[in-house]
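Quick note: the coordinates plus some simple rules give every number you see, no bench work behind them. Bear in mind that the values here come from a model prediction, so they are computed numbers and not experimental data. Note: ideal-geometry Cβ built from the backbone for every residue, glycine included; neighbour counts use all protein chains shown.
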Amino acid sequence: MRVLAIGECMAELAPTDNAGDFRLGFAGDTFNTAWYLTRCAPNATVSYLTAVGTDALSQNLTAFMRSSGLDDSFVQTIPDKSVGLYLISLKQGERSFSYWRDQSAARSLADDPARLAKAMDSANLIYFSGITLGILAPKQRQFFISALKDARASGKIIAFDPNLRPMLWESADTMTNAIMQGAGVSDILLPSFEDESVWFDDATPRATAQRYIEAGATTIIVKNGSESVYFVEDGASGEVPVKPVSDVVDTTAAGDSFNAGFLAGRATGLGLRDSIAFACRLSRKVVQHRGALVPVEASTALDGDTGRLV
Ligand code: AMP
């Protein structure tokens, strides 16, 4: 199995226990999913497609990517640009974020349609998100969606997390229209009900799933925090219960890790319900730790040949 995840990985400055000191890390929604995928599905090759600059920070990011087990063959370098940055502030346990990403190199990741098509051709499974769409200019967004459409027509599986982030978009309408376009070229949809209910006015997870089925997707998995996960696939629907964590430490990357667990399950031959249950187990672990990238031990890796936990 070859997976291609596409999007933006940013530098992260997170507060340490020493007031005023910050630790440098790297994270970003699609990147987090790719990172967890390398751990859960060790037999898969996971490539990350993005663009970075040529400066030291960009080089650090690419080195981190490689040391995490990700293939960086599709990382483009753009001179005079750099990676986006966000800083986490903590006030009485509540996290808030400041972003510097308007000029990031990743915004150019879809500038070259031929390069995009070549990268997509190398994969069986292509993963992107609403953030991937949100950082692109309108023309590049259309290149990107059209490349996904061609890839799907040639038999690739396309997985999409709408990850609605209004801050990245000029208007709510532009965002919701682009998300529905993305859904229209995808097989697997991995939305979070909390966001979907706000921006699409969905009354229930079932309504969210129905909207994406009508857009043309075949498998819809609606995450809903500590509530059950609702799914629809090929006309069958149901729920998988979540074992709630009462002392949540940090929900960063809960959805991203869930997506990785689900895709790893499917990639290694688990059935739908088992893949969702595996995803719940992984994200349950992630919300009990601080930060996006939580070390996951062997109990959350799947054997590529048998689909069993190793
Ligand atoms: P969300 O994107 O917030 O809907 O969360 C994604 C996934 O993370 C959920 O489907 C759950 O599997 C897991 N998750 C989030 N919050 C909790 C929680 N409080 N307890 C257990 N699992 C959780």
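Among Ser104, Ser96, rank each residue by its count of other Cβ atoms within 10 Å, from fewest to most, as a rough exposure measure.
Ranking Ser104, Ser96 by Cβ neighbours within 10 Å, fewest first, gives Ser96, Ser104.
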Per residue of the range 131-148, in order, report the coupling 6.51 cos²θ - 1.76 cosθ + 1.60 (Karplus, θ = phi - 60°) as ³J(HN,Hα) in whole Hz, putting x for Gly and Pro.
6, 4, 5, x, 7, 8, 6, x, 5, 5, 4, 5, 3, 5, 5, 5, 5, 5
Skipping prolines and chain starts, which residues have an amide H placed within reach, meaning under 5 Å, of the one on Val245, given they are 5 or more residues away or on another chain?
none
Among Val248, Val83, what is the fewest-to-most ranking by other Cβ atoms within 10 Å?
Val248, Val83
Under the classification rounded if a/c is under 1.5, otherwise prolate if a/b is larger than b/c and oblate if not, where does the range 165-295 fall, given a ≥ b ≥ c as square roots of the Cα gyration tensor eigenvalues?
oblate
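If you take the Cα atoms of the range 1-129, find Rg, then find the Kirkwood Rh from the mean of 1/r over all pairs, what is Rg/Rh?
Values: Rg = 15.3 Å, Rh = 15.3 Å.
The Rg/Rh ratio comes out at 1.00.
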In the chain, what percentage of the DSSP-assigned beta bridges are antiparallel, given to the nearest 5?
50 percent
Can you give the charge dipole size of the chain about its Cα centre, rounded to the nearest 20 debye, using +1 on the beta carbon of Lys and Arg and -1 on the beta carbon of Asp and Glu?
420 debye
Compute the Rg/Rh shape ratio of the range 213-284: radius of gyration over Kirkwood radius, all on alpha-carbon atoms.
0.97
Under 5 Å between amide H atoms, partner at least 5 residues away or on a different chain: which partners does Phe26 have, H built in plane at 1.01 Å?
Glu12
Which percentage, to the nearest 5, of the DSSP beta bridges contained in the range 4-136 is antiparallel?
50 percent
Value of Rg to Rh for the range 145-206 (Rh from inverse mean 1/r over Cα pairs, i.e. Kirkwood)
1.00
Could you tally the net charge around Asp111, taking each other residue with its Cβ under 12 Å from the Cβ of Asp111, Lys/Arg +1 and Asp/Glu -1?
+4
Can you list the residues, at least 5 places off or on another chain, whose amide H is less than 5 Å from the amide H of Gly238, using H built in the peptide plane?
Phe231
Loop only by DSSP, 16 or fewer other Cβ within 10 Å of the Cβ. Give me the trypsin sites (Lys or Arg not before Pro) in the range 226-290 that pass, ordered by residue number.
Arg290
For the range 70-87, 3J(HN,Hα) per residue [Karplus equation, 6.51 cos²θ - 1.76 cosθ + 1.60, θ = phi - 60°, Hz, x = Gly/Pro]
8, 7, 10, 4, 9, 8, 8, 10, 10, x, 6, 10, 9, 8, x, 9, 9, 10
Size of charge dipole - the range 111-151 - debye, nearest 20, with Cβ of Lys, Arg +1 and Asp, Glu -1, no other charges:
80 debye
What shape does the range 78-223 have by the C-alpha gyration tensor, where a ≥ b ≥ c are the square roots of the eigenvalues, rounded means a/c under 1.5, and otherwise prolate means a/b greater than b/c and oblate the rest?
oblate
From the backbone phi of the range 47-53, what are the Karplus-calculated ³J(HN,Hα) couplings (6.51 cos²θ - 1.76 cosθ + 1.60, θ = phi - 60°) in whole Hz, Gly and Pro given as x?
9, 10, 9, 7, 10, 10, x
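Step by step: find N for the range 1-51, compute 2.2 N^0.38 Å, then divide the Cα radius of gyration by it. What's the final number?
1.41
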Hey, in the GNM for the chain with a 10 angstrom Cα cutoff, which one of Gly225, Gly20, Gly235 fluctuates hardest?
Gly20
At 7 Å along the Cα-to-beta-carbon direction for both Ala114 and Val249, put a label point, then send me their distance in nm to one decimal.
4.9 nm
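Per residue Cα convex hull volume for the chain, in cubic angstrom?
In the chain, the Cα convex hull volume per residue is 130 Å³.
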Positive-end residue, the range 134-246 charge dipole about Cα centroid, Cβ charges, pick of Val229, Pro191, Gln210:
Pro191
